[in-house]
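Q: Before we start, here is the structure in question, set down as structure tokens.
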Amino acid sequence: MTDHLPILLLLSPLFGALVCVLFGKGNSKNAWIVSMISLGISSILSVFLLLKVLSIKGGDIRYRMGGWDPSSGYEVGIELRVDILAALIVLAVTLVGFINTIYSKTRVPAEVGEKGPFFYALIQLLIVGLCGIIMTNDAFNLYVLIEITSLTSYALIAMGNRRAALSSFNYVIMGTIGASFYLLGVGYLYIKTGTLNIDDIHTYLENENLWTSQSIIVAFILIMLGVWTKMALFPLHGWLPNAYSYAPSMTGTFMAPLMTKVMVYVMIRVMLWLFGADFVYSEDSVWGELIVWMSVVAIVAGSFLALARNDIKKMLTYLIIAEVGYMVGGAWLNSLTGQAGAFYHILSDAAMTFCLFIAASIVIIRTGESRLNAFDGLFRKMPLTMIGFTIGGLSMIGLPPTCGFFSKWYLISGGIESGHWEFVVALLFSSLINAVIFFKIFERAYFGKIKGIKEEVSVADIDMIPAEGIKSVPASMLIPLFISALSVLILGIMNKNLFSWISNALKMING
Amino acid sequence: MKFFGLLSVIIVGFLLLSATKDFPNWGDEDSPANSGPVSSFYIEKTEEKTKVPNMVTAVLADYRGYDTMFETVVIFIAGIGIIAVLRTYGNNESIPKNQVGDEGAGLLARMTCSLILPFIQLFALYVVAHGHHSPGGGFQGGVMLGASYILLALAYGLARAKSCFSEKRTLVFAALGIFIYVGWGVLCLVMGSEFLNYSALDSILPGGVEMARSHSMLAVEIGVALTVTAIMFSMFSNLSTKGRLDKGL
Amino acid sequence: MDIIIASFLEDSIVPKFNYWIYVILMMIGLYAMITKNNLIKKLIGMAIFQTAIILLYVSVGVKADANIPIISHHGEKDHVEHAQNENLDSASEGSSHHGSKKEYHVIDKNKFANPLPHVLMLTAIVVGVSTLGLALAISQKVHGSFGTLEEDEILDQLRPGGHD
């Protein structure tokens, strides 16, 4: 039974989605129960998977679909590969999905109406796609799973109000360009190597010494462009702020922590496992410099644009763009600490963003105001929500013992180790800007007056205001906030263990 | 904007074409892709290991069956997504049956359609079933079967097609198709082997291990055909009525 | 000068003309996706782009003078029977080792086209159709909300509301 853990935790949400679809319209309560059960089973299985991978001590679990064994040295079918890195992120994905389902209990009838069962089916299929991306070892299978996650997210975002449909269309165009570039890159690799398995491609490139051939370099550029478009690296970020702000709130809280981070994981996989550290770091060292500078621009631009925003959710999405800059820069730093720091940042950023987005959604729905003046005097009215938001904000600034401090610490050490001082300066600068943003909010919330002045609401902002405010915040919305704030602290306290696991796994592939 | 678009398109085009100088020529038999071990395995060993002459179906449904499962999920997501985005539940259920919808096309089209439709469906089922020996398979047959229902809707009006294939029934068929595919893989799991390892079903299905693979491929293709049929018709009916499902084209 | 152009054509473009054609098609589709104003024209560009990628992959699997990747037993009954009789004799001597050659003649892989690109592109076609269907539904919803499908008109409707 434990041999089949990787595929079982993928099948559970798939079956859940099929059952939810059969419920028909209006049956949101039953669909919610089915969704909770299937995602709960999936989370428990992913905990077992993590324990099993830890017990192997530095190996990875290989699972071959269809049982075609590679006795002749090459893979004929599709295989899954789960190592400690994959197991950690699968755990994060399934847990965030489960907790988000708790949050969505009251929001689905309010925001999506009678199409609730379809919403739950789409979210579960999105989780299936994300888990599949993390565990697969086949380049073309990765493309199909990227498209599964993309299609479900297009539909989930478009279920919102009228601006949501327009932002979803822009996301469709940009996302298709990104995925097609990835497909072209895989195609070029196939033309040169003749196989699709990630390990086999690497072995073939090693044996034939194709590292300087023009087509392999072009394939690398194409795959990178595709993945960067999907993770919203500046300047390919145009679709992200509108898509995540106008989506229904329970969609935004699920997609904001996870989608871009899983794409960062894909980038690290392709860089280190498919192409290898020798090719990426020492080949054309002008690239490493160029991409670190690009990430510096992303961090600075994201922070500035977040500072300029008056709208809560838009501000948070620009902070996500800055965080993506941290991770891309950290991965390209050519130092083990930097890579491990970038990886640890995937986990910590997921927790932080989840916490902040849930808190922001609760505030917007409760006060009916989507701009920053919703926070006036909020501590007296909604103390619990404000505490959750504070923990998330402190983690974004980078104060101990939250996980944000430790991830910044590792990234800065990596930057110093490899001599990229511009990256260190950008990180410190972004912490400063985050401090300005969040302390302004804290000042309003803790020391400001309760909002009494009605400001003019502009036409474009009307779409951000929810249709009906709620009188009091139900427990199903506060529990996820607590759990996510708690996880921010736990990830910070446990950082030594996590970091040692991650760097052990990366040490092996870095050679 | 147009200049910027043209510039980026030219840059990307040059990037893509610069790689072609070390690509294999058109029709080259010794290229890594055509003479590599993986493709050679597929061509040489498929018939003896699976007894299916059509290599494309064998690779699709057996060697890379995991991929095909997700491909079916993709088309399922498209159908569900269109319903989730567009569907509006007005009060069109209260319109009496003989007043809803249109009359479809003219008399000639209706007569032709009623003569041809059974043959189209029969041919579609043949394509699904004969996918092992000739070009065909689940997707191809499923699209034809779905198109036959669309032809019914175009000729006789959407209300008539909906009476054969209502929304509830399309959802049931779509879920049933994927359920068959995934369920077949779980059956292999239950028999003790990996997911989608058809050789584990040797004890239940007649014939040897190779015939077990061949029969399983057929079962899996039937599941795919069911889903594709239902989703094709559902996509058509939602897109042509803008989610209201009242009047057809 | 003519010789240079001719040799460039002959060495680089003509033997690899499939890549050149499909990349040019891809760029036409990409240009439409980026620069056109009408939402439906963007979707048509998307369809052209994806179709060109599919054609590029399929052209990789072509072998000169090769048949489709389906093993056909028409007209080979004699060979199969002959091989069967031959191997049955050897099998009766106790060599069950060559079970794979008992009923099947050796397949020459250069007679058949490469099946793997066909399989990959079946998947890519389905993915392209699904994306197109979903994008059409989204553009119908946009049309329902804004009344127009031209992007600049939609942005004008949103603009007097301030920055965003």
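The values are calculated or read from the model by the stated rules, or taken from the named source; none is laboratory data. Source: prediction; values computed, not measured. When we count neighbours, we look across all protein chains shown, and the Cβ atoms used for this are built from the backbone with ideal geometry, even at glycine.
Q: I'd like to check something: does the range B:205-221 contain any residue that is surrounded by fewer than 16 Cβ atoms within 10 Å (Cβ to Cβ), within 14 Å of the chain's Cα centre (by Cα) and under 24 Å from residue C:68 (Cβ atoms)?
A: The answer is no; no qualifying residue exists.
Q: Let me ask something else. Can you name the residue in the range B:194-212 that is part of a loop (DSSP other than H, G, I, E, B) and over 13 Å from residue A:64 (Cβ atoms) and, of all such residues, is nearest to the other protein chains (Cβ to nearest Cβ)?
A: The first filter runs over the range B:194-212 and keeps only residues part of a loop (DSSP other than H, G, I, E, B), leaving B:194-197, B:204-208.
Filter again for over 13 Å from residue A:64 (Cβ atoms), leaving B:204-208.
Working: B:204: 16, B:205: 16, B:206: 18, B:207: 14, B:208: 11 Å.
Among those that are part of a loop (DSSP other than H, G, I, E, B) and over 13 Å from residue A:64 (Cβ atoms), it is B:208.
Q: Criterion first (within 25 Å of residue B:69 (Cα to Cα), in a helix (DSSP H, G or I) and assigned by TED's automatic domain parsing to the domain that holds residue A:368) does residue A:146 satisfy it? If you could, list the steps in order and put the result at the bottom.
A: Numbers: within 25 Å of residue B:69 (Cα to Cα): yes; in a helix (DSSP H, G or I): yes; assigned by TED's automatic domain parsing to the domain that holds residue A:368: yes.
Judged against the criteria, residue A:146 is a match.
Q: Looking at (1) in a loop (DSSP other than H, G, I, E, B); (2) surrounded by 19 or more Cβ atoms within 10 Å (Cβ to Cβ), find the lone condition where residue B:188 falls short.
A: For residue B:188, the failing item is (1).
Q: Scan the range B:123-165 for residues that are part of a helix (DSSP H, G or I), hydroxyl-bearing (Ser, Thr, Tyr) and in contact (Cβ under 8 Å) with a residue 24 or more places away in the chain and jot them down. Full working, then the answer.
A: So the first thing to find is which residues in the range B:123-165 are part of a helix (DSSP H, G or I), and the list is B:123-129, B:138-156, B:158-164.
If we keep only those that are hydroxyl-bearing (Ser, Thr, Tyr) as well, we get B:126, B:148-149, B:156, B:163.
Within the range B:123-165, B:148, B:149, B:156 qualify.
Q: Of the residues that sit in the range A:187-203 and are in a helix (DSSP H, G or I) and of a type outside the set (Val, Ile, Thr), which one is farthest from the chain's Cα centre (by Cα)? Working first, answer last.
A: At the first step, the residues of the range A:187-203 found to be in a helix (DSSP H, G or I) are A:187-193, A:198-203.
If we keep only those that are of a type outside the set (Val, Ile, Thr) as well, we get A:187-190, A:192, A:199-200, A:202.
Working: A:187: 26, A:188: 28, A:189: 27, A:190: 28, A:192: 32, A:199: 25, A:200: 28, A:202: 26 Å.
Checking each candidate, the answer is A:192.
Q: Continuing with this model, one more query. Which residue is farthest from the chain's Cα centre (by Cα), if the candidates are limited to the range A:154-163 and must be in a helix (DSSP H, G or I) and more than 10 Å from chain B (Cβ to nearest Cβ)?
A: From the range A:154-163, those in a helix (DSSP H, G or I) are A:154-158, A:162-163; that's our starting set.
From what's left, more than 10 Å from chain B (Cβ to nearest Cβ): A:162-163.
Numbers: A:162: 25, A:163: 23 Å.
Top of the filtered list is A:162.
Q: Considering every residue within the range A:95-117, establish whether at least one is part of a helix (DSSP H, G or I), closer than 26 Å to residue C:57 by Cα and in contact (Cβ under 8 Å) with a residue 40 or more places away in the chain.
A: Restricting attention to the range A:95-117, the residues satisfying the condition of being part of a helix (DSSP H, G or I) are A:95-111, A:113-117.
Of the ones still in play, those that are also closer than 26 Å to residue C:57 by Cα are none.
No, the range A:95-117 has no match at all.
Q: Now a separate question. Out of A:390, A:337, which single residue is assigned to a helix (DSSP H, G or I) and under 22 Å from residue A:436 (Cβ atoms)? Before the answer, list the steps.
A: Working: A:337 fails: under 22 Å from residue A:436 (Cβ atoms).
Testing whether each residue is assigned to a helix (DSSP H, G or I) and under 22 Å from residue A:436 (Cβ atoms) leaves just A:390.
Q: Within the range C:29-46, how many residues turn out to be among the aliphatic types (A, V, I, L, M) and touching a residue at least 24 places away in the same chain (Cβ under 8 Å)? Outline the logic, then answer.
A: Residues of the range C:29-46 that are among the aliphatic types (A, V, I, L, M), as a first pass: C:30, C:32-34, C:39-40, C:43-44, C:46.
Going one step further and asking which of them are touching a residue at least 24 places away in the same chain (Cβ under 8 Å), we end up with C:39-40, C:43, C:46.
Within the range C:29-46, residues that are among the aliphatic types (A, V, I, L, M) and touching a residue at least 24 places away in the same chain (Cβ under 8 Å) number 4.
Q: Being out of contact with any Phe, Trp or Tyr (no Cβ under 9 Å at 6 or more places or on another chain) and part of a helix (DSSP H, G or I) is the filter; apply it to the range B:29-39 and report the residue that is farthest from the other protein chains (Cβ to nearest Cβ).
A: The first filter runs over the range B:29-39 and keeps only residues out of contact with any Phe, Trp or Tyr (no Cβ under 9 Å at 6 or more places or on another chain), leaving B:29-30, B:34-35, B:39.
Checking the rest, the ones that are also part of a helix (DSSP H, G or I) come to B:34-35, B:39.
Details: B:34: 5, B:35: 8, B:39: 5 Å.
For the range B:29-39, the residue satisfying everything is B:35.
Q: Checking residue A:121 against (1) of a type outside the set (Ser, Thr, Tyr); (2) within 13 Å of chain B (Cβ to nearest Cβ); (3) surrounded by fewer than 24 Cβ atoms within 10 Å (Cβ to Cβ); (4) more than 21 Å from residue A:272 (Cβ to Cβ), which single condition isn't satisfied?
A: With respect to (1) of a type outside the set (Ser, Thr, Tyr); (2) within 13 Å of chain B (Cβ to nearest Cβ); (3) surrounded by fewer than 24 Cβ atoms within 10 Å (Cβ to Cβ); (4) more than 21 Å from residue A:272 (Cβ to Cβ), residue A:121 is out only on (3).
Q: Tell me, yes or no, whether the range A:48-60 has at least one residue that is at pLDDT below 90, under 22 Å from residue A:351 (Cβ atoms) and either assigned to a strand (DSSP E or B) or not assigned by TED's automatic domain parsing to the domain that holds residue A:350 (or both).
A: yes
Q: A further question follows. Can you find even one residue in the range A:125-139 that is of a type in the set (Gly, Ala, Ser), within 7 Å of another protein chain (Cβ to nearest Cβ) and without any contact (Cβ under 8 Å) to a residue 40 or more places away in the chain?
A: Checking the range A:125-139: not a single residue is of a type in the set (Gly, Ala, Ser), within 7 Å of another protein chain (Cβ to nearest Cβ) and without any contact (Cβ under 8 Å) to a residue 40 or more places away in the chain.
Q: Could I ask something else about it? Kindly provide the set of residues from the range B:40-78 that are within 7 Å of chain A (Cβ to nearest Cβ), more than 13 Å from residue B:218 (Cα to Cα) and either in a helix (DSSP H, G or I) or under 12 Å from the mean Cα position of the chain (by Cα) (or both), ordered by number.
A: Of the residues in the range B:40-78, the ones within 7 Å of chain A (Cβ to nearest Cβ) are B:41, B:62-67, B:70-71, B:73-74, B:77-78.
In the following step, the residues that additionally are more than 13 Å from residue B:218 (Cα to Cα) were identified as B:41, B:63-64, B:66-67, B:70-71, B:73-74, B:77-78.
Matches in the range B:40-78: B:41, B:63, B:66, B:67, B:70, B:71, B:73, B:74, B:77, B:78.
Q: Exactly one of (1) surrounded by fewer than 24 Cβ atoms within 10 Å (Cβ to Cβ); (2) more than 26 Å from residue B:48 (Cα to Cα); (3) over 14 Å from the mean Cα position of the chain (by Cα) is unmet by residue B:175. Its number?
A: (3)
Q: For residue A:216, which of the numbered conditions (1) more than 30 Å from residue A:316 (Cβ to Cβ); (2) more than 11 Å from every other protein chain (Cβ to nearest Cβ); (3) surrounded by 20 or more Cβ atoms within 10 Å (Cβ to Cβ) fails to hold?
A: (2)
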